[in-house]
Amino acid sequence: MPEEVIRVYDLKKYYGDFPAVKGISFSVKKGEVFGFLGPNGAGKTTTIRMLTGILEPSEGRIEVFGMDVTKNKLKIRERVGIVPEMANPYIDLSAMQNLFLMGRLYGMKKREIKERSLSLLETFKLYNKKDQKVRTFSKGMKQRLSLAMALLPDPELLFLDEPTSGLDVMSARLIKDIIISEQQRGKTIFLNTHNMQDANELCNRVAIINHGKIVAIDTPEKIKELGAKYNVVEVSFSPFKVNEDFFSGKVKISGNKLNIHTEDVHRTIEEIVEFARREKIKIVTLNVKKPSLEDIFMEIVKENA
Amino acid sequence: MRKLSPFYRSLAIAKKDMLIFYLKGPVVIMGLLFPFFLFGAFLIGRHLPHSYLFVVLMSMTTFFTSTAVGPTIIPWEARSKTFERLISSPVSLTTVLLGDMQASFYFGLIITLLVSSVGFFLKIHVNFAIFSIAVILALLAFSSMTILMSSYPPTDIPADVMMLSSLIKFTLLFISGIFVPISKLPPYARWVSMLSPLTYLVDALRHATYISAFFSVYTDFVLLLFFAILFFVLGVYIHQQVLEKRFM
């Protein structure tokens, strides 16, 4: 069984009287990409700040690499790379100076910093800009540099807070490719995101957090299965006719189409065929729409609102 | 990976501060131009001995240069969203603040050394050892004071901290025996002046230039060191207490 890199027990965080995180527990296995999904204000960033030792938990316990985060934050951070949400590189420094600063903070040797920085700048397609001030960089370039800074000490565990948020397609693709390649190199990645597509594409498991509570935790595929009740059968008839009581699922009319929300797709299709025969009408189109992770996420969030 | 000491890592933070903040407008205005014009205003129309003017010039230079950089670093970092990255690296908040303090110290040291060459040209008789110790201890005290100044309120608006720190600096400037010697102050004002670290720099520089002073030179040194430690420890403590508020 893979070793657990992060273990969180009944974690709570209050800002004054406001409960930002309301008692969450989960673990992250070595080598997996663990997605932490939730809408804005759900408690994702507060959780990542507690996991990285920036904020103290109000209650509960966090272990990273088997060590208590509150007591060993510096020891843990030596082995961790962090891309905080909205954390910018220094715009008055060049890309190379930013990387040098990060290397020094991680206690790396000058030569080691230089070699690794040049290689990372190459990987992140920033080599030609290495001596330019970050002030001149686009948002995507800044974010690529930010990830390069986190990867500089070759950490075992990466915390990425919304790494592709608001980026151009090229930068987002590059960052996602690097996340995949880092995982293939055995790194563990904790990914905060509200982008369902990223979670679906990158994560081995995801936890959905809403209002400070985890409402689902599983693989993206299993979570999609959980969402079987959110299947939609879309049908159009000629001539258009509808009898909502005929169908076991919930019927919504959208233009000249019926959207039937059902858990039992087979039964619903049988009902549609039976309805068409009885009413002597033709089925023009019939589509079964499986819910995407995003649909399920929206439904789960709504249910737990 | 080599394990560097926190002090070594704090040097990297100081270097970053030097590259970023030394040429920022408010630093140049408050650290260089302001003491120059203030000294000019003090000088015009007075016929004071060179050694006395040298004490005033060096006191103001040391004080204003070493307090120009520090107060705005943390608010500036919070505003430009670099602070979280810094404190999520494997360095403690104390190490970060030690780096910021050093940036203030080195700025003050460089400018003070340059300006002190005036003494050489004016052929002022200076006790070099007393002068050096006094300036270094004062730079430590003032740069530590900037850590305290930036600690509260936990704002990300540098102008707020600049205003508050200017208020404190001007108050200290007028109660510290620069313009009126402590011996000529009324007794209640003397007690107030003793609360200012600048008082002990001015007094020690009077010793260094062989002008009559109020305290013994050892008292000046001990109290400058005391203020340096007090300000740094208190500044770090308050920064730690308000850290969470910077993320709310």
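Within segment A:46-76, work out how many residues are out of contact with any Gly (no Cβ under 7 Å at 6 or more places or on another chain), charged (D, E, K, R) and within 11 Å of chain B (Cβ to nearest Cβ).
Residues in segment A:46-76 being out of contact with any Gly (no Cβ under 7 Å at 6 or more places or on another chain), charged (D, E, K, R) and within 11 Å of chain B (Cβ to nearest Cβ): 3 in total.
Scan segment B:70-78 and give yes if some residue there is surrounded by 18 or more Cβ atoms within 10 Å (Cβ to Cβ), more than 12 Å from chain A (Cβ to nearest Cβ) and among the acidic types (Asp, Glu), otherwise no.
Scanning segment B:70-78 turns up no residue that is surrounded by 18 or more Cβ atoms within 10 Å (Cβ to Cβ), more than 12 Å from chain A (Cβ to nearest Cβ) and among the acidic types (Asp, Glu).
Against the definition (without any contact (Cβ under 8 Å) to a residue 40 or more places away in the chain, in a helix (DSSP H, G or I) and within 14 Å of chain B (Cβ to nearest Cβ)), how does A:Arg144 come out, yes or no? Outline the logic, then answer.
Values: without any contact (Cβ under 8 Å) to a residue 40 or more places away in the chain: yes; in a helix (DSSP H, G or I): yes; within 14 Å of chain B (Cβ to nearest Cβ): no.
The answer is no for A:Arg144.
Taking into account only those residues within segment A:147-174 that are in a loop (DSSP other than H, G, I, E, B) and in contact with a strand residue (DSSP E or B) (Cβ under 7 Å, 6 or more places away or on another chain), which is farthest from B:Arg85 (Cα to Cα)?
Step one: list which residues in segment A:147-174 are in a loop (DSSP other than H, G, I, E, B), which gives A:152-156, A:162-168.
If we keep only those that are in contact with a strand residue (DSSP E or B) (Cβ under 7 Å, 6 or more places away or on another chain) as well, we get A:153, A:155-156, A:162-163.
Details: A:Pro153: 14, A:Pro155: 15, A:Glu156: 18, A:Glu162: 14, A:Pro163: 14 Å.
The qualifying residue farthest from B:Arg85 (Cα to Cα) is A:Glu156.
Does segment A:61-83 contain at least one residue that is in contact with a helix residue (DSSP H, G or I) (Cβ under 7 Å, 6 or more places away or on another chain), farther than 15 Å from A:Glu156 by Cβ, surrounded by 15 or more Cβ atoms within 10 Å (Cβ to Cβ) and not β-branched (Val, Ile, Thr)?
No, segment A:61-83 contains no residue that is in contact with a helix residue (DSSP H, G or I) (Cβ under 7 Å, 6 or more places away or on another chain), farther than 15 Å from A:Glu156 by Cβ, surrounded by 15 or more Cβ atoms within 10 Å (Cβ to Cβ) and not β-branched (Val, Ile, Thr).
Mind counting the residues in segment B:197-243 that are surrounded by 24 or more Cβ atoms within 10 Å (Cβ to Cβ) and either assigned to a loop (DSSP other than H, G, I, E, B) or of a type in the set (Asp, Glu) (or both)?
Of the residues in that region, 2 qualify.
If we scan segment B:35-57, do we find a residue that is touching a residue at least 12 places away in the same chain (Cβ under 8 Å), of a type in the set (Val, Ile, Thr) and either touching a Lys or Arg at 6+ places or on another chain (Cβ under 9 Å) or not in a helix (DSSP H, G or I) (or both)?
yes
For the list (1) in contact with a Pro (Cβ under 7 Å, 6 or more places away or on another chain); (2) within 14 Å of chain A (Cβ to nearest Cβ); (3) closer than 30 Å to B:Arg206 by Cα; (4) not hydroxyl-bearing (Ser, Thr, Tyr), I need the number of the one condition that B:Glu84 fails.
Only one criterion in (1) in contact with a Pro (Cβ under 7 Å, 6 or more places away or on another chain); (2) within 14 Å of chain A (Cβ to nearest Cβ); (3) closer than 30 Å to B:Arg206 by Cα; (4) not hydroxyl-bearing (Ser, Thr, Tyr) is unmet by B:Glu84, namely (3).
I'm trying to understand the selection: among the residues of segment A:94-141, which are within 12 Å of another protein chain (Cβ to nearest Cβ), more than 25 Å from A:Ile189 (Cα to Cα) and not in a helix (DSSP H, G or I)?
Correct list: A:Ser94, A:Lys109, A:Lys133.
Would you check if there is a residue in segment B:34-42 being within 14 Å of another protein chain (Cβ to nearest Cβ) and either buried (at least 20 other Cβ atoms within 10 Å of the Cβ) or touching a Gly at 6+ places or on another chain (Cβ under 7 Å) (or both)? I'd like the intermediate steps shown before the answer.
Taking segment B:34-42 first, the residues within 14 Å of another protein chain (Cβ to nearest Cβ) are none.
There is no residue in segment B:34-42 that is within 14 Å of another protein chain (Cβ to nearest Cβ) and either buried (at least 20 other Cβ atoms within 10 Å of the Cβ) or touching a Gly at 6+ places or on another chain (Cβ under 7 Å) (or both).
Name the pairs whose Cβ atoms lie under 8 Å apart, with the first residue in segment B:224-248 and within 14 Å of another protein chain (Cβ to nearest Cβ), the second among the charged types (D, E, K, R) and surrounded by 14 or more Cβ atoms within 10 Å (Cβ to Cβ), and 6 or more positions between them or separate chains?
What qualifies is B:Arg246/B:Asp156; B:Phe247/A:Arg49; B:Phe247/B:Glu84.
Collect the residues in segment A:84-107 that are crowded, with 19+ Cβ neighbours inside 10 Å, among the aliphatic types (A, V, I, L, M) and at pLDDT below 95, keeping them in residue-number order.
Across segment A:84-107, the qualifying residue is only A:Ala87.
Can you spot a residue in segment A:160-177 that is under 26 Å from A:Glu294 (Cα atoms), touching a Phe, Trp or Tyr at 6+ places or on another chain (Cβ under 8 Å) and crowded, with 23+ Cβ neighbours inside 10 Å? First the steps, then the outcome.
Within segment A:160-177, the first condition is being under 26 Å from A:Glu294 (Cα atoms), and the residues that meet it are A:160-177.
Then keep just the ones that are touching a Phe, Trp or Tyr at 6+ places or on another chain (Cβ under 8 Å); that gives A:160, A:174.
Narrowing further to those that are crowded, with 23+ Cβ neighbours inside 10 Å: A:160.
Within segment A:160-177 (the criterion being under 26 Å from A:Glu294 (Cα atoms), touching a Phe, Trp or Tyr at 6+ places or on another chain (Cβ under 8 Å) and crowded, with 23+ Cβ neighbours inside 10 Å), the answer is yes, since at least one residue qualifies.
For segment A:127-146, state whether one or more residues are crowded, with 23+ Cβ neighbours inside 10 Å and of a type in the set (Phe, Trp, Tyr).
Checking segment A:127-146: not a single residue is crowded, with 23+ Cβ neighbours inside 10 Å and of a type in the set (Phe, Trp, Tyr).
Tally time: how many residues in segment A:180-199 are within 23 Å of A:Arg7 (Cβ to Cβ), under 14 Å from the mean Cα position of the chain (by Cα) and surrounded by fewer than 23 Cβ atoms within 10 Å (Cβ to Cβ)?
Of the residues in that region, 1 qualify.
Are any of the residues in segment B:162-172 among the hydroxyl-bearing types (Ser, Thr, Tyr) and touching an Asp or Glu at 6+ places or on another chain (Cβ under 9 Å)? Full working, then the answer.
So in segment B:162-172, the residues among the hydroxyl-bearing types (Ser, Thr, Tyr) come out as B:165-166, B:171.
This time we only want the ones that are touching an Asp or Glu at 6+ places or on another chain (Cβ under 9 Å), so: none.
Scanning segment B:162-172, I find no residue that is among the hydroxyl-bearing types (Ser, Thr, Tyr) and touching an Asp or Glu at 6+ places or on another chain (Cβ under 9 Å), so the answer is no.
Among the residues of segment B:177-192, is any within 21 Å of the chain's Cα centre (by Cα), on the phi > 0 side of the Ramachandran plot and in a loop (DSSP other than H, G, I, E, B)?
Yes: one or more hits.
Scan segment A:77-93 for residues that are outside any loop (DSSP other than H, G, I, E, B) and more than 7 Å from chain B (Cβ to nearest Cβ) and jot them down.
In the first step, residues of segment A:77-93 are kept if they are outside any loop (DSSP other than H, G, I, E, B); the result is A:77, A:80-83.
Passing the criteria: A:Val80, A:Gly81, A:Val83.
Look through segment A:147-164, keep the residues that are farther than 21 Å from A:Gly107 by Cβ and touching a residue at least 60 places away in the same chain (Cβ under 8 Å), and return whichever of them is nearest to the other protein chains (Cβ to nearest Cβ). Show your work before the answer.
Looking only at segment A:147-164, we keep the residues that are farther than 21 Å from A:Gly107 by Cβ, and these are A:160-164.
Those left that are additionally touching a residue at least 60 places away in the same chain (Cβ under 8 Å): A:160-163.
Working: A:Leu160: 12, A:Asp161: 9, A:Glu162: 13, A:Pro163: 13 Å.
That would be A:Asp161.
Does B:Leu98 fit the bill of being within 14 Å of chain A (Cβ to nearest Cβ) and either at pLDDT 95 or above or out of contact with any strand residue (DSSP E or B) (no Cβ under 8 Å at 6 or more places or on another chain) (or both)? Full working, then the answer.
Numbers: within 14 Å of chain A (Cβ to nearest Cβ): yes; either at pLDDT 95 or above or out of contact with any strand residue (DSSP E or B) (no Cβ under 8 Å at 6 or more places or on another chain) (or both): yes.
Yes, satisfied.
Taking the stated definitions as given, is B:Ile29 under 19 Å from B:Lys169 (Cα atoms), more than 11 Å from chain A (Cβ to nearest Cβ), in contact (Cβ under 8 Å) with a residue 24 or more places away in the chain and of a type in the set (A, V, I, L, M, F, W, C)? Spell out the reasoning first.
Values: under 19 Å from B:Lys169 (Cα atoms): yes; more than 11 Å from chain A (Cβ to nearest Cβ): yes; in contact (Cβ under 8 Å) with a residue 24 or more places away in the chain: no; of a type in the set (A, V, I, L, M, F, W, C): yes.
When the stated conditions are applied, B:Ile29 does not pass them.
Just need a number here: residues in segment A:175-231 that are among the small types (Gly, Ala, Ser) and either touching a strand residue (DSSP E or B) at 6+ places or on another chain (Cβ under 6 Å) or in a strand (DSSP E or B) (or both). I'd like the intermediate steps shown before the answer.
In the first step, residues of segment A:175-231 are kept if they are among the small types (Gly, Ala, Ser); the result is A:181, A:186, A:199, A:207, A:212, A:216, A:227-228.
Now restrict to residues that are either touching a strand residue (DSSP E or B) at 6+ places or on another chain (Cβ under 6 Å) or in a strand (DSSP E or B) (or both): A:199, A:207, A:212, A:216.
Summing the residues that are among the small types (Gly, Ala, Ser) and either touching a strand residue (DSSP E or B) at 6+ places or on another chain (Cβ under 6 Å) or in a strand (DSSP E or B) (or both) in segment A:175-231 gives 4.
Determine which member of the set B:Met163, B:Met145 is farther than 19 Å from B:Leu57 by Cα and in contact (Cβ under 8 Å) with a residue 40 or more places away in the chain.
Numbers: B:Met163 fails: in contact (Cβ under 8 Å) with a residue 40 or more places away in the chain.
Every option except B:Met145 fails the conditions.
Quick one: which residue in B:Arg2, B:Arg46, B:Arg79 is modelled with pLDDT under 95, basic (Lys, Arg) and closer than 22 Å to A:Ile91 by Cβ? Before you say what the answer is, go through the steps one by one.
On the way: B:Arg2 fails: closer than 22 Å to A:Ile91 by Cβ; B:Arg46 fails: closer than 22 Å to A:Ile91 by Cβ.
Being modelled with pLDDT under 95, basic (Lys, Arg) and closer than 22 Å to A:Ile91 by Cβ holds for just one of B:Arg2, B:Arg46, B:Arg79, which is B:Arg79.
The values are calculated or read from the model by the stated rules, or taken from the named source; none is laboratory data. All figures in this text were calculated on a predicted structure; none of them were measured in a lab. Note that we place each Cβ from the backbone using ideal geometry, even for glycine, and neighbour counts take in every protein chain shown.
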